[in-house]
Amino acid sequence: MNNIYLDHNATTPVRPEVLKAMAPYYADEFGNASSLHSFGRKAREAVEHARENVARLIGPCEPVDIVFASGGTESDNFAVKGAAYALKDKGRHIITSQIEHLAVLDPCKFLEENGYEVTYVPVDREGVVDIEALKGAVRDDTVLISIMFANNETGTIQPIEEIAAMAREKGILFHTDAVQAAGKVQINAEKMGIGLMSISSHKIYGPKGIGALYINKKAKISPYMHGGHHEMKRRAGTENVPGIVGFGKACELARGEIEKEGARLSALRDRLWNGIKKDVKDVEMNGHPVKRLPNTLNVNFKYVEGESALLNLDLKGIAASGGSACTSGSLESSHVLKAMGVDEAAAKSSVRFSLGRTNTKDDIDKVIREIPPIIERLRQYIRC
Ligand SMILES: *Cc1c(COP(=O)(O)O)cnc(C)c1O
């Protein structure tokens with residue numbers, strides 16, 4: 001059976017070009033990038049070349065503003081805890097949103113247990129942060145605002161420039177988790193006024209276990225990982241050279257394809273939604289209809305258990321997801337949909353389709369054919 005992968009927001013396959021670029025750095029070019037001899041220098045050169053490619057994808061910004069870390073989760077922890085610690089004498093209040101990834105929410109909870117206060121601003125029905133609530137939450141002791149660029153479950157994109165401008169005006173550091181947005185939509189961290197920005201390699205066809213935090217020169221942040229002088233004394237630990245090389249290659253490839261691949265994916269995504277709407281009654285889309293990632297479609301199949309729909313799709317070789325990969329397996333419904341005002345039942349009936357490079361029009365047409373009988377069968381079962 002030909003499997004169809006529609007879960008690219010959870011992770012993506014490593015592109016062959018990326019794998020090829022990485023391979024030498026596991027064997028022949030194994031040097032430690034901090035060593036001064038020729039082995040070390042070769043590794044250092046590769047790391048700095050990758051840093052330039054990462055900087056170009058989210059800018060151009062200056063390569064020295066890019067600090068490599070072990071992924072999106074570490075970058076988010078680094079940003080939130082590192083900024084909170086560095087600014088602790090200025091204030092201990094942080095503002096974030098109710099729809100953040102757990103990699104931001106959990107560090108915020110940790111800080112709350114350690115003397116900080118956090119305001120979680122609400123979002124509207126389409127998942128867009130309430131700007132007035134955000135402004136209203138600002139206090140004299142607010143030191144950090146962290147709002148994600150695009151949501152992993154619904155794809156909804158936030159008005160990042162507006163939020164960044166507001167934060168700058170009030171002299172507050174602004175962090176954005178751009179793990180889902182980087183490589184999918186155009187980003188210029190410097191021009192957009194972003195202070196800190198997290199990105200991850202495995203969401204853009206690079207290897208897992210590597211990511212970066214963009215740190216604008218004006219941003220005050222303490223190191224999160226201690227143990228050496230690596231990464232300009234900002235993140236200790238021997239550099240993951242093959243990972244960094246792969247991440248750099250993935251960024252280089254993504255940069256040239258944002259417009260074209262974005263147009264292709266949004267056409268496929270809309271084809272999928274129109275196909276579902278045409279043949280299945282009582283469906284609703286979760287998320288903003290326009291301000292949304294080109295690859296993401298979150299559908300509420302009313303009266304159906306989302307988990308059952310996913311299992312049945314899987315039997316047909318179709319891999320989709322409910323909510324985010326991090327919370328699937330738990331019986332809790334999505335905190336993102338809940339914050340949008342989607343009721344518990346509807347949240348549990350929702351399925352996320354996240355498209356990517358591996359998908360073709362034929363795939364989408366097959367999915368459109370497979371969905372209606374599955375939903376119909378599940379609805380009969382539930383009614384009797
Ligand atoms: C995947 C993801 C993360 C975590 O990144 P990892 O590299 O998997 O640690 C953080 N934020 C968002 C929005 C994500 O989608």
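Read-outs: derived from the displayed coordinates by stated rules, not from any lab. Here the structure is a predicted model, which means the values were calculated and not measured. So basically every Cβ, Gly included, is an ideal-geometry build from the backbone, and we count neighbours across all protein chains shown.
Quick notes on this structure:
- Convex hull volume per residue for the range 238-366, taking Cα atoms only, in Å³: 155 Å³
- Under the span-like rule (Cα at least 18 Å along the axis, Kyte-Doolittle mean at least -1.0), DSSP H helices of the chain: 38-57, 72-86, 241-255, 258-279, 361-383
- Counting only DSSP beta bridges with both residues in the chain, the antiparallel share comes to about 50 percent.
- The H on the amide N of Val342, modeled in the peptide plane, is under 5 Å from the matching H of no residue at least 5 residues off or on a different chain.
- Qualifying lysines (Cα of each under 23 Å from Cα of Lys109; at least 8 residues distant if same chain): Lys81, Lys88, Lys90, Lys135, Lys220, Lys338
- In plain terms, the chain from Thr360 to Leu315 could stretch by 14.2 nm, reckoned as 0.36 nm per residue minus the Cα-Cα distance.
- Rounded FRET efficiency, nearest 0.05, which uses the C-beta distance separating Phe39 from Ala165 and R0 of 51 Å: 0.65
- Scaled to the globular estimate 2.2 N^0.38 Å, the Cα spread of the chain, given as radius of gyration, is 1.01.
- Distant-in-sequence amide contacts of Val121, defined by a placed amide H-H separation under 5 Å and a gap of 5 or more residues or a different chain, comprise Thr96, Ser97, Gln98.
- Dividing the summed helix terms, -39500 (n - 2.57) for each DSSP H run of n ≥ 4, by the number of residues in the chain produces a 222 nm estimate of -12500 deg cm²/dmol to the nearest 500.
- Between the amide H of Asn286 and those of Asn298, Val299, Asn300, distances stay under 5 Å, these residues lying 5 or more places away or on another chain, with hydrogens modeled in the peptide plane.
- Modelled spin-label separation between Glu376 and Val64, with each label point placed 7 Å from Cα along the Cα-to-Cβ direction: 6.5 nm.
- Taken about its Cα centre, the range 176-318 carries a charge dipole of about 460 debye when Lys and Arg each add +1 at the Cβ and Asp and Glu each add -1 at the Cβ.
- Selected from Gly209, Gly40, Gly243 as most flexible by GNM, with the chain as the system and alpha-carbon contacts under 10 Å: Gly40
- Placing a pseudo-label 7 Å from each Cα along the Cα-to-Cβ vector at Asn3 and Tyr26 gives an inter-label distance of 1.9 nm.
- Cα shape, the range 53-194, gyration tensor, a/c 1.5 rule: rounded
- Ranked by how many other beta carbons lie within 10 Å on average, peptides 11-20, 71-80 from highest: 71-80, 11-20
- Between the range 149-179 and the range 335-367, the Cα center-to-center distance that results, in Å: 23 Å
- Toward the positive end of the charge dipole of the range 16-255, with +1 on the Cβ of Lys and Arg and -1 on the Cβ of Asp and Glu, the farthest Cα among Met192, Ala46, Ala167 is that of Ala46.
- Dipole magnitude for the chain: about 520 debye, using +1 per Lys or Arg Cβ and -1 per Asp or Glu Cβ, origin at the Cα centre.
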